[in-house]
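Trainee: One structure follows; several queries about it will come next.
Each reported figure results from applying straightforward, stated rules to the coordinates on display, with no laboratory input. Being a predicted model, the structure only gives us computed values, none of them experimental. Neighbour counts are summed over all protein chains in view; Cβ atoms, including those assigned to glycine, are modelled from backbone coordinates with ideal geometry.
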Amino acid sequence: MKCGKMVILTVAVLALSLSVAFAAGDVEKGKALFNDPKLGGGTSGSSCNSCHPDGKGLEKAADEKEWKTPAGTRKSLEEAVNTCITMALKGKALDPKSADMANIVAYIKSLKGKAPAAEKEKPKAKKKAVEGC
């Protein structure tokens, strides 16, 4: 009886940890999506990386409460991503609860505080703010 409870508890903990890991998204898969010109069935030939090379302009996206896009202010990072997919990439919006969305959001959040590689090589100069898509 005691052993059975322990097995059930172990399975429950494992299932919970896997669901949390899935919900958090996979940064590497998100990076691949960020660089994929066919994200959302896009037809523009561009990827997220086309407008945001190495994540430029997204370093603070994880900390924002609102995201300014060319189509207006968005209340969630998922909405902002979908705005870029539909407008810039000319694709279809992703389901905000999909694995692809979780992955791309995880990648964008991983950019927090990182300077793009191109900026690291340049001498210090005033940085121009980039907002939206």
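Trainee: At q = 0.12, 0.20, 0.23 Å⁻¹, what base-10 log of I(q)/I(0) does the Debye formula yield for the range 26-121 when every alpha carbon is treated as an equal point scatterer in vacuo?
Mentor: Debye curve over Cα of the range 26-121, log10 I(q)/I(0) at q = 0.12, 0.20, 0.23 Å⁻¹: -0.33, -0.96, -1.29.
Trainee: Treat each spin label as a single point 7 Å out from the Cα along the C-beta direction, and report the K38 to A24 distance in nm.
Mentor: Roughly 3.0 nm, to one decimal.
Trainee: Using the Cα centre of the range 26-121 as origin and beta-carbon charges of +1 (Lys, Arg) and -1 (Asp, Glu), tell me which of M87, S98, I108 is placed farthest towards the positive end of the dipole.
Mentor: Among M87, S98, I108, the one farthest towards the positive end of the dipole of the range 26-121 is M87.
Trainee: Something else: Once the Cβ-Cβ distance between A93 and A62 is put in as r, and R0 is 22 Å, what FRET efficiency do you end up with, to the nearest 0.05? Don't skip to the answer; put the middle values down first.
Mentor: On the way: r = 21 Å, r/R0 = 0.95.
For A93 and A62, the calculated efficiency is 0.60.
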